[in-house]
Structure formats: structure tokens, C-alpha cells
Amino acid sequence: MPPTFDDLLARARALTAPGRRAILGVTGPPGAGKTTLAERLVRELNGSRRPWVAHVPMDGFHLADVELDRLGLRHRKGAPETFDAAGYAALLRRLHDETEGDGIVYAPGFERVLEQPIAGAVPVPATARLVVTEGNYLLLDTGAWKRVREQLDEVWFCGLDEDERIRRLVARHEEFGKGHQEAVDWVLGTDQRNADLVASTRERADLVVSCG
């Protein structure tokens, strides 16, 4: 029996303990519904209380286009090597180590219209006892990505029917400025290579969640 959303809320709450901040990772291939699930978890867990759950997406650690151009990686944007994985791991470690008296921690965000990272865009208040972070590569076991997994108390893998995932992803690229054929080519090329890599990490997840 797959877990209900109430089951997921209970499981997320159970990660927290007095005196420490927990970090829950949500992973899955591009277009699987990671952000939607993460945002819903944060919204429902916070309810009308003082915010105690924060959302920190991995996308803020995209390398800027100017750096991708310097490295010759612009055509691979979204692949593991086009992120600052070491910086992401360092932020997650800081979030784990900070205490309530240490104040706000600022994380970078990602502006989808510009397709660029934005420094200091995501505040994590001292009151946050649970951080939900989401991204494609949380379960990779190569390079600095290994250090990312070490900072996550649990990782949930977001699964979705492949045809629906591709449909959603094409629509998202069109929404943010790509023409239809350009979007299809990107989704079936660069995005699909990334999706295949992410799919290979599914067995390392603590839980597989249907995001349909």
C-alpha cells in the first residue's frame, strides 16, 4: 500500500528531535514533481503556526551561465557537473549545525525566467527545525554529491509515469520561453540523459513516493 499524504506528513514530523535540525531530501528526475511535493509538505506542516519548516531547493546551486560558458558546459546545463555540489553540501552541513540562537541562514535561489541563480534569496529562519530540500542529484555517490547525501536524514524519490513526466517537462520549458520543438529536443536530449542518471539512484532512496 503506497503511503498517503498524511503518512508522509507524519514521517517528516518524526525526523525532528529536540536540539537539532533535520533535513529531508526529495529527489527524482526532471519534471517528476519534486518541487510540488516539497512545497506542499512545507505548507501543510507549517499550517498556521510560526514557521518551523523551510524549503531550500538545490537549484540555487546552478552555476551561472557566464561560468558555464567559460567551462564549455552551457549545452549541458542541468547535468551534475553544472552545479556547485560542494557549496550545496557545505550549506546543508551548516543548516544541520546551526542552533536556534544563530539567526537566519541565507541560501541561494533560482530564477526560472532568467534561468540564473540568485544569491541570498531563500531565508531559513532560526525557528526552522526541519528543512526540506529537493533536487535531481541527492543520491549520486560520486564527487561532492556524496557529501550531500551525508547531510540528509532521509531521501524520498519522486516517481511519475514517464509519458506524463515528459509532457510536464516540455510544457515547463515552453512556459519559460522555449519554442515547442526546442523544448522537445532539450527534454529528449540533455534532460533525458540527466533523467536516466537520476533513475539509476532510485534504489538508494529511503522511500519511493508517487508524484502523479
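The values are calculated or read from the model by the stated rules, or taken from the named source; none is laboratory data. This one's a predicted model, so the numbers in the text were calculated from it and none came from an experiment. Virtual Cβ from ideal backbone geometry, glycine too; neighbours counted across all protein chains shown.
Tabulated results
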read-out	value
Restricting segment 156-169 to residues that are surrounded by fewer than 21 Cβ atoms within 10 Å (Cβ to Cβ) and touching a Lys or Arg at 6+ places or on another chain (Cβ under 9 Å), the residue that is farthest from Asp84 (Cα to Cα)	Leu160
Unique residue being touching a helix residue (DSSP H, G or I) at 6+ places or on another chain (Cβ under 7 Å), in a helix (DSSP H, G or I) and either of a type outside the set (Asp, Glu) or more than 22 Å from Gly25 (Cβ to Cβ) (or both) when the list is Arg147, Arg94	Arg147
Only one of Val131, Val148, Val170 that is among the β-branched types (Val, Ile, Thr) and at pLDDT below 95	Val170
Residues that are part of a helix (DSSP H, G or I) and among the charged types (D, E, K, R), drawn from segment 97-128	Asp97, Glu100, Asp102
Elements of type helices (runs of 4 or more DSSP H) in segment 1-75, at least 3 residues being in contact with an Asp or Glu (Cβ under 8 Å, 6 or more places away or on another chain) and at positive phi	none
Some residue of segment 79-89 being among the hydroxyl-bearing types (Ser, Thr, Tyr), assigned to a helix (DSSP H, G or I) and over 19 Å from Ala12 (Cβ atoms)	yes
Those residues of segment 1-38 which are farther than 16 Å from Ser210 by Cβ, out of contact with any Leu (no Cβ under 9 Å at 6 or more places or on another chain) and either modelled with pLDDT of 95 or more or among the hydrophobic types (A, V, I, L, M, F, W, C) (or both), in sequence order	Ala10, Ala14, Ala17
Answer residue from segment 33-90, given it is in contact with a His (Cβ under 9 Å, 6 or more places away or on another chain), under 24 Å from Gln151 (Cβ atoms) and of a type in the set (A, V, I, L, M) and is surrounded by the fewest Cβ atoms within 10 Å (Cβ to Cβ) among those	Val42
